1. Take every Cα pair under 8 Å in the chain that's 6+ residues apart, average their separations, divide by the length, and report that relative contact order as a whole percent.
2. Answer rounded, prolate or oblate for the stretch 98-170, using the Cα gyration tensor with square roots of eigenvalues a ≥ b ≥ c: rounded when a/c is under 1.5, else prolate when a/b is larger than b/c, else oblate.
3. To the nearest 20 debye, what charge dipole does the chain have about its Cα centre, counting +1 at the Cβ of each Lys and Arg and -1 at the Cβ of each Asp and Glu?
4. Return the loop-located chymotrypsin sites (Phe, Trp or Tyr not before Pro) in the stretch 86-136 (DSSP other than H, G, I, E, B) with at most 16 other Cβ atoms within 10 Å of their own Cβ; answer none if there are none.
5. How many percent of Cα pairs in the chain exceed 29 Å?
6. If you line up the long axis of helix 103-118 against the longest principal axis of the chain, both from Cα atoms, how many degrees apart are they, to the nearest 10?
7. When DSSP assigns beta bridges and you keep just the ones with both residues in the stretch 6-167, what percent turn out antiparallel, to the nearest 5?
8. So for each of 46-55, 65-74 I average, over its residues, the number of other beta carbons within 10 Å; can you give me the resulting order with the highest mean first?
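FYI, it's all coordinate maths here, none of it is from the lab. Nothing here was measured: the structure is a model prediction, and the numbers come from that model. Note that each Cβ is placed from the backbone with ideal geometry, even for glycine, and that neighbours are counted across all protein chains shown.
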Amino acid sequence: MQTARLTLSPLVDADIDALADRLWDERVYEHIGGLPSGADEVALGLRRALIGPPADRASERWLNFAVRLRANHQLIGRLEATVHAGIAEVAFLLAPSSWGHGYAAEGLTWLHGELSRVSPEAQCWATTLPANVRSSRLLSACGYERVDPAVAPDLMTYDEGDWVFRRAPR
């Protein structure tokens with residue numbers, strides 16, 4: 001699975017340690033709970049994502065993708081979507097050295113296509129803190145509109161005070 005500049009593949013255990021090393025940076029976690037204590041803690045979270053939803057949430061579908069540069073196969077981040085109750089909550093984490101190059105927008109656009117293929121009925125949603133200007137701009141550039149949280153479905157990623165974004169229907 002490729003875009004003009006990226007290769008995307010299902011995240012596998014062999015990716016996790018390298019990805020955890022790339023993502024263990026306080027800038028990555030500034031708006032999502034703070035820097036984990038070490039890359040091993042990041043890796044543990046990634047491994048939990050690979051296991052999939054717990055038994056009491058078996059109706060959910062977790063999609064996790066490794067993002068690499070096509071030019072040199074360097075692992076630069078991950079894309080994810082949690083599909084449940086007719087919605088897809090999307091998220092993205094890229095290493096800071098990959099920020100500002102349009103890779104997240106390219107990857108998120110690819111993810112929309114993948115979601116259209118595997119869950120065509122799911123509407124895309126995302127949340128972010130108001131201070132996370134980069135993510136808000138990215139979501140807007142990728143066709144999302146900010147909405148009042150009161151009109152949003154039950155989003156697992158929502159915390160009080162978050163901004164909520166819905167991808168505009170096409």
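1. Value for the chain: 19 percent.
2. Oblate, because a/c is 1.5 or more while a/b does not exceed b/c.
3. Roughly 720 debye for the chain.
4. Trp99
5. Here the long-distance tail beyond 29 Å is 13 percent of all Cα pairs in the chain.
6. 60 degrees
7. Roughly 90 percent of the DSSP beta bridges within the stretch 6-167 come out antiparallel.
8. Per-residue mean Cβ counts within 10 Å order the peptides as 65-74, 46-55.
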